[in-house]
1. Which residue pairs have Cβ atoms under 7 Å apart, sit 6 or more places apart or on different chains, and have a first residue in the range 278-289 that is β-branched (Val, Ile, Thr) and a second that is buried (at least 24 other Cβ atoms within 10 Å of the Cβ) and modelled with pLDDT under 85?
2. If you take the residues in the range 58-93 that are surrounded by fewer than 20 Cβ atoms within 10 Å (Cβ to Cβ) and among the polar types (S, T, N, Q), which one is nearest to SER133 (Cα to Cα)?
3. Identify the single condition in (1) farther than 18 Å from GLU33 by Cβ; (2) under 26 Å from the mean Cα position of the chain (by Cα); (3) touching a residue at least 24 places away in the same chain (Cβ under 8 Å); (4) surrounded by fewer than 18 Cβ atoms within 10 Å (Cβ to Cβ) that GLY96 does not satisfy, given that it satisfies every other one.
4. Looking at the range 1-29, which of the residues that are under 15 Å from SER111 (Cα atoms) and assigned to a loop (DSSP other than H, G, I, E, B) is modelled with the lowest pLDDT?
5. Taking the condition closer than 18 Å to SER168 by Cα, modelled with pLDDT of 90 or more and buried (at least 16 other Cβ atoms within 10 Å of the Cβ), does ILE262 pass?
6. Only one of ARG224, ARG235 is at pLDDT 95 or above, farther than 30 Å from LEU109 by Cα, of a type in the set (Lys, Arg) and surrounded by fewer than 23 Cβ atoms within 10 Å (Cβ to Cβ); which?
7. I need the full set of residues from the range 18-29 which are farther than 14 Å from MET145 by Cα and in contact (Cβ under 8 Å) with a residue 60 or more places away in the chain, in order please.
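The values are calculated or read from the model by the stated rules, or taken from the named source; none is laboratory data. Computed from a predicted structure; not experimentally measured. Quick reminder, even Gly has a Cβ in these numbers, built from the backbone with ideal geometry, and neighbours come from all protein chains shown.
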Amino acid sequence: MFSTKVLLATDGSAEAERAARMAKMVSENLGAELHVVHVAPTPDPTAWPEATLYDRDLLLQTREQAEIEGRPVLDRQRHYLEAMGAETAVPHLLVGRPDAEIVRLAEELGSGLIVIGSRGIGPVRRAVMGSVSGSVLRHAHCPVMVVRGKAEEEVTAVGPIVLAVDGSEEAQLATIAAAEFSRGTGSEVHLVAVLPELASMFGRHYYSTDIKEMLLEQVDADSRAFLDKQAEAVRSRGGSPAQTYLARGRPDAEIVELSEEIGAGLIVLGNRGLGGVKRALMGSVSASVARHAHCPVLVVRTAKDRDKRDTPTSEKPIEVRAPGSGW
């Protein structure tokens, strides 16, 4: 599933350093080339009164100043990775809207994975996902890993992997991704399927107690058989399945709770497989898990869904974006 390129998006913050440690570890275990990008943000020119004059000199001066301020940030990140022994490819210094530039560069490079800190770009409280990481999750053509956790925590291994499955196409791809991470890192995979609450299963229909018990037994049996089949799929791809879990309730809450109970180092799920919504929105479950999980979250989408997604853009009277080939 993953190509030979991992793209680390950073702003040099303490939280972004944890994402850098994770990107180093993942790229080494998957044998992938590590690219680093820093996007020096610029204000939206359409919000300036001067923009009505289409002052090209002003816009170019803004870009030049952003590049001057952004270069040391990228240099520090490169040196940080090199100090850890990471081999990085050509760094990329871009100017513009961070989410749009990250997604665009990932497509140009043919990246198989984007690694981004949930607070590193646009600091926010833990319960809210940063606007940039959220937008990258929605629009990226490839899997995205949102790295959470305390900045000072050491990242030496992925640790136990929680794989959320529900039988959808997106969840099937998540199974493949989890197996590849398990094979590359030696981490065990814990599989979980979340069934709806009993009340919502029967709705307004009336069933006798015996019929309800029979239906519930059948659903549980089918679900456990499905989990066993997914575990075998992980094993057949070289992964190491551990335990399977069948839960009831809100999928996002159950997934996060389980990951905390077992001390997960990574959660893997599809972006529409659990709680599918329209293409323009990220699945409600994957979005919620990415916001609330204590550990990194890898969100996977289908190829056809990736092909339909547009890169986020903003209307500007003059294009002032830095070249995408790096520097």
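1. VAL285/LEU274
2. Restricting to residues being surrounded by fewer than 20 Cβ atoms within 10 Å (Cβ to Cβ) and among the polar types (S, T, N, Q), the top hit is THR88.
3. (4)
4. Result: MET1.
5. Numbers: closer than 18 Å to SER168 by Cα: no; modelled with pLDDT of 90 or more: yes; buried (at least 16 other Cβ atoms within 10 Å of the Cβ): yes.
Here the answer is no, as ILE262 does not meet what is asked.
6. Details: ARG224 fails: at pLDDT 95 or above.
It is ARG235.
7. Start the filter on the range 18-29 by keeping residues that are farther than 14 Å from MET145 by Cα, which leaves 28-29.
ASN29, the sole residue that qualifies.
So that you can scan it fast, the table gives a plain yes or no per residue for (1) modelled with pLDDT under 90; (2) closer than 13 Å to ALA164 by Cα:
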position: GLU213; (1), (2): yes, no
position: ASP220; (1), (2): yes, no
position: LYS229; (1), (2): no, no
position: GLY239; (1), (2): no, no
position: GLU254; (1), (2): no, yes
